[in-house]
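The values are calculated or read from the model by the stated rules, or taken from the named source; none is laboratory data. Given the structure is predicted, the values throughout are model-derived calculations rather than measurements. Cβ placement follows ideal geometry from the backbone for every residue including glycine, while neighbour counts extend to all protein chains displayed. With ligands, DNA and RNA removed, areas are computed over all heavy atoms of the protein, side chains included. Shrake-Rupley method; radii C 1.70, N 1.55, O 1.52, S 1.80 Å.
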Amino acid sequence: MAHADEAAIFNKDEAKVDWHDKALWFVRQKRDKSAHKVKGWEELRNYASAIKANVLSNLDSYLLQFEENAQKNGVTVHWAANAEEHNKIVHSILQKHNAKKIVKSKSMLTEECHLNPHLEAHGIEVIDTDLGERIVQLAQEPPSHIVLPAIHKKKEEVDVLFQEHLGTKPCDGDPEYLTAEARKHLRNKFIKADAAITGVNFAIADTGGFVVCTNEGNADMGAHLAKVHIACMGMEKLIPQEKHLGIFLRLLGRSATGQPITTYSSHFNKPEPGKEMHIVIVDNGRTEQLSREDFRASLHCIRCGACMNTCPIYRRSGGHSYKSTIPGPIGSILSPGIDLKKHSSLPFASTLCGSCSDVCPVKINIHEQLYKWRQVIVKDVPQPVVKKTALKMAGSVLANTKMYHFAGKSARFMLKHMPRFVIYSKLNAWGHARDLPEVKNDNFDEWYKKRKKNE
Amino acid sequence: MNGIKKEKRMSREAILNAVRKNKPESLPLPEIDLGLFEEEINLVETFIDNLKFVGGRAVQLNNMTEIDAEIKKLYPNASKIVSCVKESALGTISINKETEPHGLEDIDLAIIKGELAVAENGAIWVTENDFTIRALPFITNDLVLIVSRNDIYLHMHHVYEAISKRDRTFGVFISGPSKTADIEQCLVVGAHGAISLTVLIV
Ligand code: SF4
């Protein structure tokens, strides 16, 4: 099903959609407040972008340097060309330790590789320990957001889920009570776990260490109690030196939720005596994305979720409508690189307003890449007529350099000047239930001036 | 076994070769101009404000001799206490490198010396050397960190300079108590880690 059809399903419950929309916009506002407090915020973004570009252009040597240093620290390093190999490696480590009960902290990579079903098929219990992830795991759903996995669930739904699976009492969705019950339930899992799996936020080439960020403390509860810690990372998670964490940790928490830093930023270098630490470095399509000049910068992503929170389409269509592990604007440029046909509607799930690019802490030109995918897709994949019309209009604006610069790639421009039927067509279900944000000229001017200054 | 080893080596080579083939021309690593991020602000005040913002509590003391009285006042019901600070006599459970972390499941309070604090985000840096058992600051019900007012740094850039020479095993920035907002974006303090954090600034 195309994204617009999936979005139409999400839009059936209008009250819920409104809540979803507002909740995410609130997170976006928290991000703004937090970012504005930092002296040199734009410089931080510039540095982050330049560091990531340097990493990608020397990725082979940084990978080797990281491997060598990690090995010196007593960490075992594995390489996986694809999801299947990643899952096999993880399973073989668990088998070696006869590990049957696993706790896992948030890792979009293991979602991407579908690690849980693989391990479960081998009789291994995998418990997602991030509260949001545990909620969607119990509901047998994928996360709908990379930072807020259960943002699509109302508290009453969580209440019912917990009654059914954790034996809690009905509580009208009281978040305090439900969280306290989850704490008890998961404590028990941490204590009994044979092995812990975590993701990696940053891997540092010159020390061989890696950093995992959580607010709940679940990565640490897992990793420090179990005998074996397996950290799974996409190969693009590397940064050259430890001091660069100064840049990235200042950006990550603020961009994600408006916190000045996540509660726990854990720096793992060596395993504890008597314990094992493994790192699995995964390609799974990343080297291919590296080859695409126009889309390479998507590998800068530090998975903060800011582009989702700000996206008018994401907020009104929900993460599940994207049918890809990473939803939202960044998912819409990553997913077509993995399976162009399956994800061909995603680059159209955008107003090209550029808000995503404006908030992205590593300055990925997200909306420009979306536009570039559209060009690739109309050539290769048959398109519904209305989309073609919208695209043509976008195309005529974007092809005309003068007009393009004037419009500044703004959605506001699009919303103002595109015929109503294009914006509110049947296919654009996210614009169906209610009018899209009102266009205010002063906002546009302010935004335009700011943008000019940054150029 | 040989087969698996060979396959592993092959993926490593295949990945590295694909990177070599597909990567763009080398781009420079930027030199960071720290001057861009300098600010004249009151470090102690900023730290305290940010710590409050992230759900922690700060108490300023004049002297290390005051810490036990303060902790007793703040946590009157704590009985299972691990103290990793020699100036505190409140510890009722002693730990060493061989202590089984699972046995710490029901401790009430851990008292740990923080190495330094970060004004911009209310975080405290602690390492394994400060708390012996890696699970301790997470598994404890409540956490007290003690930091010297002379060890508060403006921002993360200075902090990474300050910790660059350390023996790297395990270290963590802790900014406030453990928390979650995964149920309808309602902030709830006390997810999996410590449910409260007090920082004593001495
Ligand atoms: S693309 Fe940018 S804004 Fe979106 S998740 Fe990645 S880093 Fe964050």
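How far, in nm, would the chain grow between A:LEU340 and A:MET1 when pulled straight, counting 0.36 nm per residue and subtracting the alpha carbon separation? List each step's numbers first, then the result.
Working: separation 339, 0.36 × 339 = 122.04 nm, distance 1.39 nm.
Result for the pair: 120.7 nm of gain on full extension.
Once label points are set 7 Å from the Cα along Cα→Cβ at both A:LYS184 and A:LYS100, what is their separation, rounded to one decimal in nm?
For the pair A:LYS184/A:LYS100, the computed spacing is 2.6 nm.
Rounded to the nearest 0.05, what FRET efficiency is calculated for B:LYS80 and A:SER61 with R0 set to 45 Å and r the Cβ-Cβ distance?
0.35
Once label points are set 7 Å from the Cα along Cα→Cβ at both B:ALA89 and B:ARG166, what is their separation, rounded to one decimal in nm?
3.1
Have a look at the DSSP beta bridges in the range B:41-201 and tell me what percent are antiparallel, nearest 5.
Values: 9 of 29 bridges.
Looking only at bridges with both residues in the range B:41-201, the antiparallel portion is about 30 percent.
Relative to a virtual label point 7 Å from the Cα of B:GLU40 in the Cα→beta-carbon direction, which members of the range B:131-174 show backbone nitrogen distances below 17 Å?
B:154
With a point put 7 Å past each Cα toward its Cβ, work out how far A:LYS12 is from B:ARG149 in nm, to one decimal.
Rounded to a tenth, the inter-label distance reads 6.2 nm.
Calculate what fraction, in whole %, of the accessible area of the range A:293-380 sits on carbon and sulfur atoms when a 1.4 Å probe is rolled over the protein chains.
Values: 1190 of 2390 Å².
Roughly 50 percent, rounded to a whole number.
List for the range A:129-173: residues with 40 Å² or greater reduction in accessible area, all protein chains versus chain alone, probe 1.4 Å?
At a threshold of 40 Å² (probe 1.4 Å), the residues of the range A:129-173 that become less exposed are A:LYS155.
Give the residues of the range A:166-206 whose amide nitrogen is closer than 17 Å to a point set 7 Å from the Cα of B:GLU105 in the direction of its Cβ.
A:181-196
Name the residues of the range B:155-169 whose amide N is less than 20 Å from a point 7 angstrom out from the Cα of A:GLU43 along the C-beta direction?
B:155-162
By its C-alpha gyration tensor, with a ≥ b ≥ c as the square roots of the eigenvalues, how is the range B:41-201 shaped: rounded for a/c under 1.5, else prolate for a/b larger than b/c, else oblate? Don't skip to the answer; put the middle values down first.
Numbers: a/c = 1.29, a/b = 1.17, b/c = 1.10.
It comes out rounded by the Cα gyration axes.
Let's test the formula: R0 of 56 Å, r as the Cβ-Cβ distance of A:ILE191 and A:LYS72. What FRET efficiency results, to the nearest 0.05?
Efficiency computed from Cβ-Cβ geometry: 0.95.
Please compute how much accessible surface disappears when B pairs with A, both sides summed, using a 1.4 Å probe, and round it to the nearest 100 Å².
Details: alone 13000 and 20460 Å², together 26230 Å².
In total, chains B and A hide about 7200 Å² from solvent.
Can you list the residues of the range A:275-290 whose accessible area drops by at least 50 Å² going from the chain on its own to the full set of protein chains, with a 1.4 Å probe?
Residues shielded by partner chains are A:THR287.
In whole percent, and with a 1.4 Å probe on the protein chains, what portion of the accessible area of the range A:38-284 is carbon and sulfur?
Numbers: 3520 of 7200 Å².
Carbon plus sulfur share of accessible area: 49 percent.
So if we plug the beta-carbon distance of A:GLN375 and A:GLU120 into 1/(1 + (r/R0)^6) with R0 = 25 Å, what FRET efficiency do we get, rounded to 0.05?
Details: r = 41 Å, r/R0 = 1.64.
Plugging the Cβ-Cβ distance into 1/(1 + (r/R0)^6) gives 0.05.
Per residue, how many Å² of accessible area does the protein assembly as shown show with a 1.4 Å probe? Write out the running numbers ahead of the final one.
Numbers: 26230 Å² over 657 residues.
Accessible surface, normalised per residue, equals 40 Å².
The range B:78-171: which trypsin sites (Lys or Arg not before Pro) are DSSP loop and have at most 13 other beta-carbon atoms within 10 angstrom? Before the final figure, lay out each step's value.
On the way: sites: B:LYS80, B:LYS86, B:LYS97, B:LYS113, B:ARG134, B:ARG149, B:LYS165, B:ARG166, B:ARG168; in loops: B:LYS80, B:LYS86, B:LYS97, B:ARG134, B:LYS165, B:ARG166, B:ARG168.
Taking the range B:78-171 and a limit of 13 other Cβ atoms within 10 Å, the loop trypsin sites (Lys or Arg not before Pro) found are B:LYS86, B:LYS97, B:LYS165.
Report, as an integer, the average count of C-beta atoms from other chains found within 10 Å of each Cβ along B:24-34. Walk me through the numbers before you get to the answer.
Details: counts 9, 1, 4, 9, 4, 10, 10, 1, 10, 3, 3.
Shielding by partners across B:24-34 averages 6.
Pulled fully out, how much extra length does the chain show between B:LYS73 and B:LEU27, if you take 0.36 nm times their separation in residues and subtract their Cα-Cα distance?
Working: separation 46, 0.36 × 46 = 16.56 nm, distance 5.68 nm.
Length gained between B:LYS73 and B:LEU27: 10.9 nm.
Loop-only GluC sites (Glu not before Pro) in the range A:232-325, please: DSSP not H, G, I, E or B, and at most 11 other Cβ atoms within 10 Å.
Values: sites: A:GLU236, A:GLU242, A:GLU276, A:GLU288, A:GLU293; in loops: A:GLU293.
Here the GluC sites (Glu not before Pro) that fit, given the DSSP loop and packing criteria, are A:GLU293.
Do you know which residues of the range A:216-236 lose at least 30 square angstrom of accessible area in the protein assembly compared with their chain on its own, with a 1.4 angstrom probe?
Flagged in the range A:216-236: A:GLU216, A:MET221, A:HIS224, A:LEU225.
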